[in-house]
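Q: Pasting in a structure now, in structure tokens, and then I'll have a few things to ask.
The values are calculated or read from the model by the stated rules, or taken from the named source; none is laboratory data. Note that the coordinates shown come from a computational prediction; the quantities given were computed from them, not determined experimentally. Please note: Cβ atoms are built from the backbone with ideal geometry, for glycine as well, and neighbour counts cover all protein chains shown.
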Amino acid sequence: MPFISLNITNEPSQVIYLDPDDLETLDLKPRDIINIRAGSFTAEAKVKLIPGVRQISLGTLKSLNLPPANNIKLKSEGPSQVRIGPLIGILSSQSQRYRTPPYSSQGKLLQRFLNYGMEKGCITFVFSPRGVNRDTGAITGLYLNQEPDGTVVWKVHTFPLPDIVYDRVLFRSYERKKLTKQITSFLSHQKEIVCFNPKFLNKWETHLVLSQNIFLRKHLPETRKFESPELLRNFINIYKTIYLKPVHGSLGKGIMKISLLPEGYSYQYRKRKKNIQGIWPDIPGMDAEIMDFISNKPYIMQHGLELLSYNNRVFDIRVLMQKNGSGIWTNTAMVARVASEGNIFPNVAAGGEAINIKTLWRNLTSHDWIGSETYSSALAISLTAAKTLENTLGTFVEIGLDIGIDANGKVWIIEINSKPSYKVFPKDQLYLKQHAIQLPIDFAAYMAGFIDGDERDFN
């Protein structure tokens with residue numbers, strides 16, 4: 001459905017100025033009083049025809065609880081019915097630790113999302129669960145406003161419920177809060193809202209979903225639920241090296257590597273910024289420390305694979321899969337993450353280093369990465385995994401896969417994250433980060449029905 005772009009006029013009355021040619025595009029009649037919708041709010045506006053003019057009054061925006069903005073998109077929803085959009089709300093945690101808007105550890109990233117939204121003519125804002133009023137159907141959030149001198153500042157505004165909710169809550173503890181659960185449930189049950197990135201992934205649930213796919217099953221390490229130290233020892237006796245992982249963990253936290261040695265069981269894990277390692281010479285001591293380490297949290301046991309290393313350092317490949325502006329899964333980036341010396345975790349948050357995968361692969365194999373069978377396999381596995389998870393767990397706009405490669409070039413899925421970090425891009429590939437920021441906004445516009453390919457640009 002085609003749409004047009006409008007600039008703003010400071011007129012206080014509820015009026016829209018259109019070119020006569022726009023009437024057919026928007027399914028309107030001359031001198032119409034039309035219904036205009038933005039998110040969950042609806043108002044009336046008078047249509048005035050002036051050749052070459054396409055403007056919306058400040059009064060109309062105020063009646064819809066929208067802030068002043070140019071390049072606003074308008075599309076038909078039937079005779080004398082139009083809609084402004086897309087209205088995109090980005091759900092994020094906020095904390096008193098951060099004293100400047102948007103009060104979040106990912107403030108710079110959120111600003112870049114909103115900057116791109118402004119460029120695309122999207123009305124985009126950031127909000128936390130505390131900002132949602134379930135009684136009035138309104139959300140108090142933060143948006144970026146361009147001042148007369150050209151500077152861009154954060155401003156507080158109360159919006160209608162949006163067309164799209166993009167969940168960028170980064171902490172599992174915040175997602176588990178009672179209010180967060182109530183608000184995400186409330187938003188997901190609104191018929192007019194599309195929510196994506198609905199939750200963090202549960203490692204055990206993810207394994208079960210992926211293992212139902214015959215193609216993916218052979219790329220998954222043997223994985224079982226931790227149920228007792230005795231079963232853990234049996235698992236280690238079979239595979240010699242295993243990883244003990246929290247079902248609800250991320251960023252390499254709470255993971256322990258255990259290996260069977262002649263002198264006992266070796267262990268290694270990360271505590272804060274330190275690597276802790278040692279050997280358990282006896283089983284009772286091992287069992288007691290493992291139970292203390294797990295602390296009654298759900299864990300899985302995963303076969304420790306013999307994967308390629310780079311300069312004697314552990315590495316994996318982060319594959320970022322995202323939906324594009326046509327709703328199609330696409331590979332945004334593949335980035336090598338190399339652990340610091342002696343560390344078993346390649347995560348950047350754990351001190352790992354992001355390296356251009358093309359450079360690493362050529363140094364490692366003397367071959368081109370893009371032309372390799374390993375690259376083709378990684379791409380096929382990642383695409384299949386994204387589609388498989390979405391078919392079972394809900395609508396996602398992005399997933400991050402951590403994959404490993406063994407000596408035979410076989411690709412293994414080590415872990416999957418539904419809310420991947422944007423801090424994994426090498427310094428010589430920062431353009432990938434900008435592309436990664438753009439795609440969720442493009443996908444949101446697509447899901448809201450405002451597709452660039454349909455735009456008639458009259459500005």
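Q: For the stretch 254-269, indicate whether the set of residues that are over 24 Å from TRP412 (Cα atoms), in contact with a strand residue (DSSP E or B) (Cβ under 8 Å, 6 or more places away or on another chain) and part of a loop (DSSP other than H, G, I, E, B) is non-empty.
A: Looking through the stretch 254-269, at least one residue is over 24 Å from TRP412 (Cα atoms), in contact with a strand residue (DSSP E or B) (Cβ under 8 Å, 6 or more places away or on another chain) and part of a loop (DSSP other than H, G, I, E, B).
Q: Among what's in the stretch 158-182 and is of a type in the set (A, V, I, L, M, F, W, C) and under 18 Å from the mean Cα position of the chain (by Cα), pick the residue that is surrounded by the fewest Cβ atoms within 10 Å (Cβ to Cβ).
A: If we take residues in the stretch 158-182 being of a type in the set (A, V, I, L, M, F, W, C) and under 18 Å from the mean Cα position of the chain (by Cα), then PHE171 is surrounded by the fewest Cβ atoms within 10 Å (Cβ to Cβ).
Q: What strands (runs of 3 or more DSSP E) lie completely within the stretch 348-418 and have 2 or more residues being among the β-branched types (Val, Ile, Thr)?
A: 398-405, 411-417
Q: THR136: of a type in the set (Val, Ile, Thr) and farther than 24 Å from ALA445 by Cβ, yes or no?
A: It is true that THR136 is of a type in the set (Val, Ile, Thr) and farther than 24 Å from ALA445 by Cβ.
Q: Scan GLY52, GLY59, GLY39 and give me the residue that is surrounded by 19 or more Cβ atoms within 10 Å (Cβ to Cβ) and either modelled with pLDDT of 90 or more or not assigned by TED's automatic domain parsing to the domain that holds LEU114 (or both).
A: Numbers: GLY52 fails: surrounded by 19 or more Cβ atoms within 10 Å (Cβ to Cβ); GLY59 fails: surrounded by 19 or more Cβ atoms within 10 Å (Cβ to Cβ).
Answer to the selection: GLY39.
Q: Restricting the search to the stretch 259-288, which residues are touching a residue at least 40 places away in the same chain (Cβ under 8 Å) and surrounded by 13 or more Cβ atoms within 10 Å (Cβ to Cβ)?
A: Scanning the stretch 259-288 gives SER259, GLN268, ARG270, ASN275, ILE283, MET286, ASP287.
Q: Next up: From the set of residues in the stretch 201-220 that are part of a loop (DSSP other than H, G, I, E, B) and touching a strand residue (DSSP E or B) at 6+ places or on another chain (Cβ under 8 Å), which is farthest from ARG176 (Cα to Cα)?
A: Across the stretch 201-220, the extreme among qualifying residues is HIS219.
Q: I need every pair where a residue in the stretch 52-63 that is within 18 Å of LYS75 (Cα to Cα) has its Cβ under 9 Å from the Cβ of a residue that is among the acidic types (Asp, Glu) and assigned to a helix (DSSP H, G or I), sequence separation at least 6 or different chains.
A: Listed pairs, sorted by first residue: ARG54/ASP22.
Q: Now for a separate question. LEU87 - would you say it is under 26 Å from SER5 (Cα atoms), aliphatic (A, V, I, L, M) and touching a Gly at 6+ places or on another chain (Cβ under 9 Å)?
A: Yes.
Q: Let me ask something additional. Scan ARG176, ARG168 and give me the residue that is in contact with a helix residue (DSSP H, G or I) (Cβ under 9 Å, 6 or more places away or on another chain), basic (Lys, Arg) and not assigned by TED's automatic domain parsing to the domain that holds LEU401.
A: ARG168
Q: Then there is this: Would you mind stating whether ARG217 is at pLDDT 95 or above and on the phi < 0 side of the Ramachandran plot?
A: Yes; evaluated as a whole, the condition is true for this residue.
Q: Another question about this same structure. Which one of these is over 26 Å from SER5 (Cα atoms), in contact (Cβ under 8 Å) with a residue 12 or more places away in the chain and β-branched (Val, Ile, Thr): ILE164, ILE183, ILE139?
A: Just a single option satisfies the conditions, and that option is ILE183.
Each row is one residue, and each column tells you yes or no for (1) more than 28 Å from PHE3 (Cβ to Cβ); (2) over 16 Å from the mean Cα position of the chain (by Cα).
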residue: LYS73; (1), (2): no, yes
residue: LEU91; (1), (2): no, no
residue: ARG99; (1), (2): yes, yes
residue: SER104; (1), (2): yes, no
residue: GLN111; (1), (2): no, no
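Q: To continue, here is another question. Residues of the stretch 373-426 being over 21 Å from the mean Cα position of the chain (by Cα) and touching a residue at least 12 places away in the same chain (Cβ under 8 Å), which ones?
A: GLU373, THR374, TYR375, SER377, GLY404, ILE405, ASP406, ALA407, GLY409, LYS410, VAL411, TRP412
Q: So the check is Cβ under 7 Å with 6+ separation or different chains; which pairs have a first residue in the stretch 66-77 that's within 15 Å of THR42 (Cα to Cα) and a second one that's of a type in the set (Gly, Ala, Ser) and part of a strand (DSSP E or B)?
A: LEU66/ALA38
Q: Any residue in the stretch 298-307 that is over 20 Å from TRP204 (Cβ atoms), charged (D, E, K, R) and touching a strand residue (DSSP E or B) at 6+ places or on another chain (Cβ under 7 Å)?
A: Yes, the stretch 298-307 contains at least one residue that is over 20 Å from TRP204 (Cβ atoms), charged (D, E, K, R) and touching a strand residue (DSSP E or B) at 6+ places or on another chain (Cβ under 7 Å).
Q: While we're on this one: Restricting to the stretch 1-23, what's the tally of residues that are free of Cβ contacts under 8 Å to residues at least 12 places away in the same chain and in contact with a Gly (Cβ under 6 Å, 6 or more places away or on another chain)?
A: Total meeting the criteria: 0.
Q: Looking at (1) surrounded by fewer than 20 Cβ atoms within 10 Å (Cβ to Cβ); (2) modelled with pLDDT of 95 or more, can you tell me which one PRO440 breaks?
A: (1)
Q: While we're on this one: Tell me which of these ALA333 doesn't satisfy, since it passes every other one: (1) touching a Gly at 6+ places or on another chain (Cβ under 8 Å); (2) surrounded by 21 or more Cβ atoms within 10 Å (Cβ to Cβ).
A: It fails just one condition, (1).
Q: Can you confirm whether the stretch 92-107 contains a residue that is buried (at least 17 other Cβ atoms within 10 Å of the Cβ), modelled with pLDDT under 95, over 20 Å from LEU170 (Cβ atoms) and not polar (S, T, N, Q)?
A: Checked the stretch 92-107: no residue is buried (at least 17 other Cβ atoms within 10 Å of the Cβ), modelled with pLDDT under 95, over 20 Å from LEU170 (Cβ atoms) and not polar (S, T, N, Q).
Q: Please work out which one of (1) more than 21 Å from the chain's Cα centre (by Cα); (2) closer than 26 Å to GLU11 by Cβ is the condition TYR143 fails and give its number.
A: Result: TYR143 passes all but (1).
Q: Do we have ILE238 as over 17 Å from the mean Cα position of the chain (by Cα) and crowded, with 19+ Cβ neighbours inside 10 Å here?
A: Numbers: over 17 Å from the mean Cα position of the chain (by Cα): yes; crowded, with 19+ Cβ neighbours inside 10 Å: no.
So ILE238 does not fit the description; no.
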